[in-house]
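Note sheet for the following structure.
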Amino acid sequence: MTRPGAIVFDLGKVLVDFDYGIAARRLAERSRLAAREVQSVIDHSPLLFRYETGQLDRAGFFAEIRAAIGYEGSLDEFSQVFADIFTPIVEMIELHARLRQRGFPTFIFSNTNDLAVAHIHQHFPFFATFDGYVLSYQQGSMKPNPQIYEAVERLTGLRGDRLLYLDDRPENVAAGAARGWHVIQQISPADTWARIRELGLL
């Protein structure tokens, strides 16, 4: 393949794992709903979509969550619980570091929210080592909408197969491929490492 001018990483399920069930169980302890019902409110819900596309700010998201589940804690308490759901995918963080050592510019491209980003930035030092970030809540658009892919192209100054894009979700990978990007759907860290080696990038 053409040597990529930049390598674009999804964040969740690629560089960090996450489980909204962790937050749901802790929030339920101070809510009127059971953990299962709390999770349905916060995980892949219309409310989360509004937050992650910038239609709600942090305070607005908290107000709607509090009303929906009867949460009794403060915004600060909620923020800590809601964001503390991530664990590093060590093999992928190492892969990113190796690619940086080989001189590749790297970027984060994620459907996410400001609470998650603040938490990851504070607790996972690797997050600060990218050249740039395209984040749904800042863009007002979410993958696989073409608009947010255009933001990646503007930020990197690259198009087509000059971009190599790693994501776990097939619909997001397909949207990148439709723009001519070179794509890898992450099935497992070992598989992604193997694909990168096959491309001659390590």
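The values are calculated or read from the model by the stated rules, or taken from the named source; none is laboratory data. A quick note: this is a predicted structure, and the numbers were derived from the prediction, not measured. Here the Cβ is made from the backbone with ideal geometry for all residues, glycine too, and neighbour counts use every protein chain on show. Each accessible area value is taken on the protein alone, full model and side chains, heavy atoms only, with ligands, DNA and RNA left out. Shrake-Rupley method; radii C 1.70, N 1.55, O 1.52, S 1.80 Å.
Here are the numbers for the structure shown:
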read-out	value
Relative contact order [Cα under 8 Å, 6+ residues apart], segment 100-202, whole percent	20
Most positive-pole-ward Cα, 199, 69, 45, against dipole of the chain from beta carbon charges	199
Per residue, the convex hull volume that the Cα atoms of segment 28-95 enclose (Å³)	113
Antiparallel bridges, percent of DSSP beta bridges restricted to the chain (to nearest 5)	15
Segment 70-202 - convex hull of the alpha-carbon atoms, volume per residue in Å³	125
Inter-label distance, nm, simple model (7 Å from Cα along the C-beta direction), residue 25/residue 155	3.3
Cut-off 16 Å, label 7 Å out along Cα→Cβ of residue 47, residues of segment 65-90 by amide N	65-83
Amide H partners (placed H, <5 Å) of residue 106, local residues excluded	7, 131
Length released on extending from residue 13 to residue 36, taking residue separation times 0.36 nm less the Cα-Cα span	6.1 nm
Net dipole in debye of the chain [+1 Lys, Arg Cβ; -1 Asp, Glu Cβ; about Cα centre; nearest 20]	460
Solvent-accessible area of residue 133 with every protein chain in place, 1.4 Å probe, in Å² to the nearest 10	70
Normalised contact order of the chain, rounded percent, pairs of Cα under 8 Å and 6 or more residues apart	28
Euclidean distance between Cα centres, segment 100-144 to segment 1-55, Å	14
For residue 86, residues with placed amide H under 5 Å, excluding near neighbours	none
Mean residue ellipticity (222 nm) of the chain, computed from DSSP H runs ≥ 4 via -39,500 (n - 2.57), nearest 500	-14000 deg cm²/dmol
